[in-house]
Amino acid sequence: MEIFRTENIVKRFSNHVALDRISVSVPKGSIYGLLGPNGAGKTTLLRIINQITAPDEGELFFDGHKFTGEDIFHIGYLPEERGLYKKMKVGEQALYLVQLKGLPKKEAIRRLKEWFEKFEIISWWNRKVEELSKGMQQKLQFVITILHKPELLIFDEPFSGFDPINADMLKNEILTLKKEGATIIFSTHDMGSVEELCDHITLIDNGQKLIEGNIATIRKQYRSNIYRVCFSGDPESIKQAMDGRYGLLDISAEEDNQVARIQSLKPSVDNDLLAALIQKVQVLSFNEELPGMHDIFIRVVSEAKKNNTR
Amino acid sequence: MNRIPIIIAREYLIRVRKKSFIIMSILGPVLFAAMMIIPAWLSQLKETDVKKIAIVDSSHVFYKVIPETEFLKFDYLENISIDVLKRNFKNLGYYGILYISPIATYDPNSVILYSDKQPSLDTKMHINKYLEEYIRDQKLKTYNIKNLDEILKGVKTTINVRTIKISEEGEEKESSTGIMMAVGYICGILMYMFLIFCGTMVMRGVVEEKTSRIVEVIISSVKPFQLMFGKIVGIAMVGLTQLMIWIVSTFILVSVAQAVFFPQFRLTPTEQVTTQDIMSATPADGSQNVQSNAQSEEMNQLRDALGTLKNINFAVIILTFLFYFMGGYLLYASLFAAVGAAVDSETDTQQFVFPILLPLILGIIVLFSITNNPDSPISFWFSIIPFTSPIVMMARIPFGVPWPEFFLSAGLLVAFFIGATWLAGKIYRTGILMYGKKPTLKEMLRWITYKT
């Protein structure tokens, strides 16, 4: 079940195509990562989802129906370039922004007080925003974004500018939101957080979608048949196990044991490799090394670049 | 659900609660009241000071020629050197020394008034007038005309032109051009001030939202046009609130000051009428007029002024002011908002603001000529063209404007502000998300064609 879908979105600016027939489908209740290098078109896509700009072509669907103006109130958006009115008081400002999202005043005050107490910023209610530290402002912006309990949350580069403690807190809040049934789309460069949080991803570059899908499936798809073998014994003897089907990439010492990375040159021979190894050394563990999102990202983007220049 | 009222409320409240707004609300009326009260008060003060002037008349023909007034006294000194007087000036306590040289009758530059202060214009004119008249009379006498004294007395005349305006219904209305000019001029200047004051406030608000990057958060909840419109309306209400505060408290301050400083000169509306009735009742017979010449001149002016004030329809002026303010403001505020959206910082605005200010400045430049000549072709065209009409029409309103002209001007203004708001909305929604290089005018025009 998807909560949000785009079909062949095209957006042109005066001298380039920002989005070229982008179709994505965001499953309900998932955390969806939108990846891509700088200038790939991520922010443009997020702005289109938020109805800030309109696509030149293509259609948007929300919760099974064509996107309407009212749907915007079921979305919470934390832009990459986020700011607040510096001279306005914290509480008043939060109230204003939340009311614009359609929350009635009384309910807004009640929920705000709750969150302010949770984040221990209730004493700042009547202070001006410019007196807050950057981290506090980010917390405030986060609270404002989620306060109206939207079904779809969109965070553009949410971790940029957060210190590790706040970034961790943000991750936990995102997971809590997911648990409560919300769907989260976020764009990021931080591949670590993608692996940690995302269920699904889309990778776009130069306005084109390169890959989309479940993160585990994608990682399997980009596997390079590298196995990580932890063993004890003579590192020289493991080399004898290598015949034409395998290649030893490297061996490193890890505490008392050795770790070898072996690439299988032909697919689906895990058991054969393991059998060969067992004869030579004491195998302690044997795993397939799935590529990290970092590697996939770089590989896919540079391949796309090669294809484009060709 | 409509969110524009929430935006209007914020835009209005944060500005009205600002210190600068409160200071302006207090300072404005004090300044206006001071502008009205202080000159009147000073002119009263001046007259209580008796000035004594020593006259050294070397020609010996002007003895007692210059009449003394209540506040101006003369000492005719004989056989004393002007140099001695000048040297002892401080000890003698004179306001000034008037030296008349022996050839005063022939040389216009031979009368000198020495003083350690800058002598007042009144004093100078008083002396000038009587010396000139005396010399002229003396010259006439050399022609040996019979009964010259009676003739001279007979030709002395004063003219006080009263202007009466005939309205379309054939009704006659007494008007004092001076008062109408003043009212028109003040309305024009006020309009100019408020258009710029509120227009730049809109622009600064837009720039603030853009530079603080809050704008993207807001337009994910409301349409850019709604944000712009809410801001424009909220600030219009700020301007109107300020104006109301100014008008009401200036009126109160002036009334209080009048009661304190000039109890004999109170001009509340009912009293105005009575004053005028009493004045009309004074016998206007000739002999009395000649006797109290100076006084009656003042009375006539006052009567004119009061008559005009009574005939100016303040309700019409206030209503047209509000209309032209709203129309002109919506026209200019949209343009200012578009400029604010197009640039990244306030310092970049100047290049775009200048072309917007140009018609406003032009309006102020022609304003004086229009109050002088409210029915000239310049007045007509400037009060029809929507960019100048709010200022210029206000200067014409007190004189009365034919209905067709008024409707043409008002209709064009409405059409233009709708057009300007539409256009500005298009530039605005693209501009607020554009950061980096300052756009050219050409790029801004291209934004208009973008799809939302």
(request) Please name all residue pairs, on different chains or six or more residues apart, with Cβ atoms under 8 Å, provided the first residue is in region A:208-223 and is assigned to a strand (DSSP E or B) and the second residue is polar (S, T, N, Q) and surrounded by 17 or more Cβ atoms within 10 Å (Cβ to Cβ). (result) A:K209/A:T202; A:I211/A:T202; A:E212/A:T202
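Here's the yes/no breakdown for (1) over 23 Å from A:D190 (Cβ atoms); (2) assigned to a helix (DSSP H, G or I); (3) of a type outside the set (K, R):
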residue: A:I109; (1), (2), (3): yes, yes, yes
residue: A:E117; (1), (2), (3): yes, yes, yes
residue: A:Q141; (1), (2), (3): no, yes, yes
residue: A:T145; (1), (2), (3): no, yes, yes
residue: A:K149; (1), (2), (3): yes, no, no
(message) With the structure loaded, tell me whether A:G33 is buried (at least 21 other Cβ atoms within 10 Å of the Cβ), in contact with a strand residue (DSSP E or B) (Cβ under 8 Å, 6 or more places away or on another chain) and modelled with pLDDT under 90 or whether it fails that test.
(response) no
(request) Return a yes/no flag: does region B:78-97 have any residue that is closer than 17 Å to B:K129 by Cα and loosely packed, with under 15 Cβ neighbours inside 10 Å. (result) no
(request) Specify which of the listed residues (A:I75, A:I52) is in contact (Cβ under 8 Å) with a residue 12 or more places away in the chain, touching a Pro at 6+ places or on another chain (Cβ under 9 Å) and crowded, with 23+ Cβ neighbours inside 10 Å. (result) A:I75
(message) So, B:N79, is that one outside the structural domain of B:I245 (by TED's automatic domain parsing), modelled with pLDDT of 80 or more, of a type in the set (S, T, N, Q) and out of contact with any helix residue (DSSP H, G or I) (no Cβ under 9 Å at 6 or more places or on another chain) or not?
(response) no
(request) Can you work out which of the residues in region A:68-108 that are hydroxyl-bearing (S, T, Y) and within 27 Å of the chain's Cα centre (by Cα) is nearest to the other protein chains (Cβ to nearest Cβ)? (result) A:Y77
(request) Please give the number of the condition A:F73 fails out of (1) at pLDDT 85 or above; (2) over 20 Å from B:V217 (Cβ atoms). (result) (2)
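Consider B:V65 carefully, then state whether it is closer than 20 Å to B:D137 by Cβ, loosely packed, with under 15 Cβ neighbours inside 10 Å and either at pLDDT below 80 or not assigned by TED's automatic domain parsing to the domain that holds B:A257 (or both).
no
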(request) Name every residue in region B:203-220 that is outside any helix (DSSP H, G or I) and farther than 13 Å from B:I7 by Cα, in order of residue number. (result) B:S212, B:R213, B:I214, B:S220
(message) I need the full set of residues from region A:6-40 which are more than 14 Å from chain B (Cβ to nearest Cβ), in a strand (DSSP E or B) and more than 20 Å from A:P79 (Cα to Cα), in order please.
(response) A:E7, A:N8, A:H16, A:V17, A:D20, A:R21, A:I22, A:S25, A:P27
(message) Checking the conditions here, which among B:A395, B:A424, B:A410, B:A415 is touching a helix residue (DSSP H, G or I) at 6+ places or on another chain (Cβ under 6 Å), under 19 Å from B:F323 (Cβ atoms) and among the hydrophobic types (A, V, I, L, M, F, W, C)?
(response) B:A395
(request) Report yes if some residue within region B:426-448 is away from every other protein chain (no Cβ under 14 Å) and within 30 Å of B:A182 (Cα to Cα); otherwise report no. (result) no
(request) Output yes when any residue across region B:367-379 is more than 14 Å from chain A (Cβ to nearest Cβ), touching a strand residue (DSSP E or B) at 6+ places or on another chain (Cβ under 9 Å), small (G, A, S) and surrounded by 14 or more Cβ atoms within 10 Å (Cβ to Cβ), and no when none is. (result) no
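When you look at A:L60, is it more than 10 Å from chain B (Cβ to nearest Cβ), closer than 21 Å to A:F142 by Cβ and not in a loop (DSSP other than H, G, I, E, B), yes or no?
Judged against the criteria, A:L60 is not a match.
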(message) Could you go through region B:396-416 and let me know if any residue there is modelled with pLDDT of 85 or more, under 39 Å from the mean Cα position of the chain (by Cα) and closer than 18 Å to B:P224 by Cβ.
(response) no
(request) Would you tally the residues in region A:82-107 being surrounded by 15 or more Cβ atoms within 10 Å (Cβ to Cβ) and not in a helix (DSSP H, G or I)? (result) 10
(request) Could you figure out which of (1) in contact with a strand residue (DSSP E or B) (Cβ under 9 Å, 6 or more places away or on another chain); (2) more than 24 Å from B:V50 (Cβ to Cβ) isn't true of B:E132? (result) (1)
(request) Could you name every one of the strands (runs of 3 or more DSSP E) located completely within region A:226-288 that has at least 3 residues being exposed (fewer than 15 other Cβ atoms within 10 Å of the Cβ)? (result) A:246-254
(message) For region B:407-452: of the residues being in a helix (DSSP H, G or I) and aromatic (F, W, Y), which is farthest from B:L330 (Cα to Cα)?
(response) B:W447
(request) Pairs only if they're at least six apart or on different chains, beta carbon under 8 angstrom, first in region B:323-350 and touching a residue at least 40 places away in the same chain (Cβ under 8 Å), second among the acidic types (D, E); list them, first residue then second. (result) none
(message) List the residue pairs whose Cβ atoms are under 6 Å apart, where the first residue sits in region A:155-168 and is part of a helix (DSSP H, G or I), the second is surrounded by fewer than 18 Cβ atoms within 10 Å (Cβ to Cβ), and the two are 6 or more positions apart or on different chains.
(response) A:N166/A:G135
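The values are calculated or read from the model by the stated rules, or taken from the named source; none is laboratory data. Keep in mind the model is a prediction, meaning the values are calculated, not measured. So basically every Cβ, Gly included, is an ideal-geometry build from the backbone, and we count neighbours across all protein chains shown.
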